[in-house]
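Everything on this sheet refers to the single structure shown next.
Throughout, read-outs are computed from the coordinates displayed, never taken from laboratory work. What you see is a predicted model; the values in this text were computed from it and never measured. Positions of Cβ are generated from backbone atoms using ideal geometry, with glycine treated the same way; all protein chains shown enter the neighbour counts.
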Amino acid sequence: MPAPQFVVIPMARVTGAPLEPLVKKGDHVKLGQKIGESAAFVSAPIHSSVSGTVTAVEARPHPGGRTAMAVVIENDGLDEKDESVRPCENFDALTPAELLAIVKDKGVVGMGGATFPTHVKLSIPKGKTVDTLIANGAECEPYLTADHRLMLEKSGDIVKGIQIVLKILGIERAFIGIEANKPDAIRAMRAACAQDSRIQVAPLKVKYPQGSEKQLITALLHREVPSGGLPADAGAVVSNVGTLAAIRDAVVDGMPVVRRVVTVSGNGVKEPGNLLARIGTPFQVCIDACGGMTPDARKIINGGPMMGTSLPSPDTPVIAGTSGILVLSEAQAAIPREISCIRCGKCVDACPIGVLPTAVAEAVDRGDYQSALRYRAMDCIECGSCVYVCPAKRHILQKIRLAKQTIRQKGLK
Amino acid sequence: MYVSPSPHIRAGTSIRRIMLDVVLALLPACAVGVVMFGWNALLLLCISVLTAVVTEAVITRLLRKPASVGDLSAVVTGLLLGMNLPATAPWWVAVVGSAFAIAIVKMAFGGIGCNFLNPALAGRAVLLACWPAIMTAWKDPFAAVDAVASATPLAAMKAGEIPDLLNLFLGKTGGCIGEVSAAALLLGAAYLLLRGVINLRIPLSYILTVFVFTLAVSRFNLTYAVAQLLSGGLILGAFYMANDYTTSPITPLGQIVMGIGCGLLTVIIRQWGGYPEGVSYSILLMNLAGPLIERATRPLVLGEKMKNPFKKKEAGKNA
């Protein structure tokens, strides 16, 4: 889609420390120019996605659901590149440390949704050994097809990104996990990595949640991430295919994250589709590019239908983690009335982790957080499967979240 | 615009739909019962369902609680209770049993999802304790009209005979209205499995336990063991009552323990107990053990026990 007239670039990620704006109202900025930064380790800088004039630095709605400081830039339509955006001729000669520095400097973050800074993920803590990279091409959620599209159109870039990460991590094995219902993506990725024996495409069973780190590691490596641990504890790094393509763009083209593929879908959108959108494009602009909203549209979601955040206003901008913009109709968005739990156990069967969802929820109702802890509330990955299957329409996950928060606050063990 | 925490979509299932499926699944067995035993069977089934629904409606009205009969769970309870009556029973037995099941066993403990005993079975147990003669007056489907007296297949087996297996399977035998036809009950169970309403953990572990235990007790008399499976309320109990959502464990392992426990108790009562049939009491006893079973069978969460060869190798190297 064409770049919008205004972009709104938030100075906060979904995860990580907030950023300090490097520009002020009236400044002229160029495409790819760094406009926000933080000294904290768990943070990545952010860059302008257009060239033009800064018209405001003010609080704006953030896709995380709150408001956050944002730099608003009026696009001059010239896409004048910043001096720092230079293609790198001899990137094969760069050392792992230099590559990692580029990943950090170009603001590469997890593009699956959490926007966790990629350079942090690729810095394996001392004492842990990683032997496998998993490229996550298992679309995280229903409705979303952005990664599918990317694998078809940018398969070569993804493979290049994988090769760069293998070098950074100093390892020799990578899997590309793709759900078996996307044979075209499997073919495209197989063709792209045919020359590199270190990389294998692994078709995965189609299920939700398959694109979650823990599920991918179990499916591909038959290892379990220890309860409370990180993927590195199971010897793996998991990275979204979008992130890998962004790593390639950062290293080879010198281009920071200024665009991403966004799925615009849901039955509140007239013509659903995938867009290549600039970071900072307001949701409304993306939705209009897809024919606009239907009259009965009632809910706007950043991300997918299972884990995404619903937003009060379509003025929220696309960020690096916006895999999808979902608009739901009245019928889908209405919140059904809760009935008492009939203990059917469907949530237990649906939980991919082994939590007892309804038992945690009932413990929360009683205010018994010690029991909630015993039923493994802290292991919940908040995939929402329990709520999806519940015939009594109970707000199970919402209560598990309350349990997690309260257990943390009280420091229960 | 609506704003709410995720997830934002839900499956189209509902309690009402589930209960409707159970009712549909029970209808073939009811039909066989009516064909075998005549119009009084139909009358009992209708009275039982009606009493259950009216009782629940009156109680929710009196307590000023939201009306809950729309979820159809009272229909299921009434139907199951009716199916557990002998066809010769007078109409007021259905009224008393059904009202007790709903008022005392279900609503007194908080309504749907809160009872700790299966309402229909507890209702039947009360009737059996109060009016044992009425509750064991079996009608022989082959005898002349209104002939009361004839043993159930289980009673016959206790006396040393083995009834014809095909008749047992199809339902040409004595017993309660809804328990006689294994074929019709299995047809309904297949539908529930297909609809994802039930799973096989409790039914299969229950039936297998009864089969293996009976085989062992009878010194490997296969015909006898199969006859035991097809007789009495085992199929009805295993597929429609032992796996009752509310009164069985929610943990997968707990469900298997529940099934095995029911199986063991059923055979013990059938072989050495005072009653020829043990399905009702074994399920009720296991209902009571449910919370304990559930507590002891919490599933392991992903990564709770290290199933991680990579890490083990690591640890070995360091040591």
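Under the condition of being touching a Lys or Arg at 6+ places or on another chain (Cβ under 7 Å) and more than 8 Å from every other protein chain (Cβ to nearest Cβ), the residues counted in the stretch A:291-317 number 3.
Being under 12 Å from A:Met11 (Cα atoms) and loosely packed, with under 15 Cβ neighbours inside 10 Å is a condition met by at least one residue of the stretch A:47-65. Output the qualifying pairs, or none if there are none: Cβ atoms under 6 angstrom, residues six or more apart or on different chains, first residue in the stretch A:319-340 and touching a residue at least 24 places away in the same chain (Cβ under 8 Å) and closer than 30 Å to A:Ser49 by Cα, second residue among the polar types (S, T, N, Q) and not in a loop (DSSP other than H, G, I, E, B). That search, which allows pairs on different chains as well, returns A:Thr322/A:Asn302; A:Gly324/A:Thr263; A:Leu326/A:Ser265. Scanning the stretch A:379-396 for residues that are in contact with a helix residue (DSSP H, G or I) (Cβ under 8 Å, 6 or more places away or on another chain) and closer than 11 Å to A:Cys351 by Cα gives A:Cys380, A:Ile381, A:Glu382, A:Gly384, A:Ser385, A:Cys386, A:Val387, A:Tyr388, A:Val389.
Scanning the stretch A:134-147 for residues that are crowded, with 23+ Cβ neighbours inside 10 Å and away from every other protein chain (no Cβ under 14 Å) gives A:Ala135, A:Asn136, A:Gly137, A:Ala138, A:Glu139, A:Ala146, A:Asp147. Residues in the stretch A:357-383 that are small (Gly, Ala, Ser) and either in a helix (DSSP H, G or I) or in contact with a Cys (Cβ under 6 Å, 6 or more places away or on another chain) (or both): A:Ala359, A:Ala361, A:Ala363, A:Ser371, A:Ala372, A:Ala377. Within the stretch A:386-406, the residues that satisfy the criterion of being in a helix (DSSP H, G or I) and at the interface with another protein chain (Cβ under 8 Å from one of its Cβ atoms) are A:Val387, A:Tyr388, A:Val389, A:Leu397, A:Gln398, A:Arg401.
Under the condition of being without any contact (Cβ under 8 Å) to a residue 12 or more places away in the chain and within 14 Å of another protein chain (Cβ to nearest Cβ), the residues counted in the stretch B:89-117 number 2.
When A:Thr263 is tested against (1) buried (at least 24 other Cβ atoms within 10 Å of the Cβ); (2) out of contact with any helix residue (DSSP H, G or I) (no Cβ under 8 Å at 6 or more places or on another chain); (3) among the polar types (S, T, N, Q), exactly one condition is not met: (2).
Taking the conditions (1) under 24 Å from A:Lys104 (Cβ atoms); (2) assigned to a helix (DSSP H, G or I) in turn, A:Leu220 satisfies each one other than (1).
Residues are listed down the side, and each one gets a yes or a no for (1) within 12 Å of chain A (Cβ to nearest Cβ); (2) closer than 17 Å to A:Asp349 by Cα; (3) touching a residue at least 60 places away in the same chain (Cβ under 8 Å); (4) of a type outside the set (Ser, Thr, Tyr):
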position	(1), (2), (3), (4)
B:Asn221	no, no, no, yes
B:Leu236	no, no, yes, yes
B:Ser248	yes, yes, no, no
B:Gly263	no, no, no, yes
B:Gly278	no, no, no, yes
B:Glu304	yes, no, no, yes
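Take the stretch B:266-276 and flag every residue that is within 22 Å of B:Pro119 (Cβ to Cβ) and either crowded, with 23+ Cβ neighbours inside 10 Å or without any contact (Cβ under 8 Å) to a residue 12 or more places away in the chain (or both). Across the stretch B:266-276, the qualifying residues are B:Thr266, B:Tyr275. Taking each residue of the stretch B:12-33 that is free of Cβ contacts under 8 Å to residues at least 60 places away in the same chain and within 14 Å of another protein chain (Cβ to nearest Cβ) and looking for partners that are outside any helix (DSSP H, G or I) and crowded, with 17+ Cβ neighbours inside 10 Å with beta-carbon atoms closer than 6 Å, six or more apart or interchain, yields B:Thr13/A:Pro391; B:Ser14/A:Pro391; B:Arg16/B:Leu72; B:Met19/B:Leu72; B:Leu20/B:Leu72.
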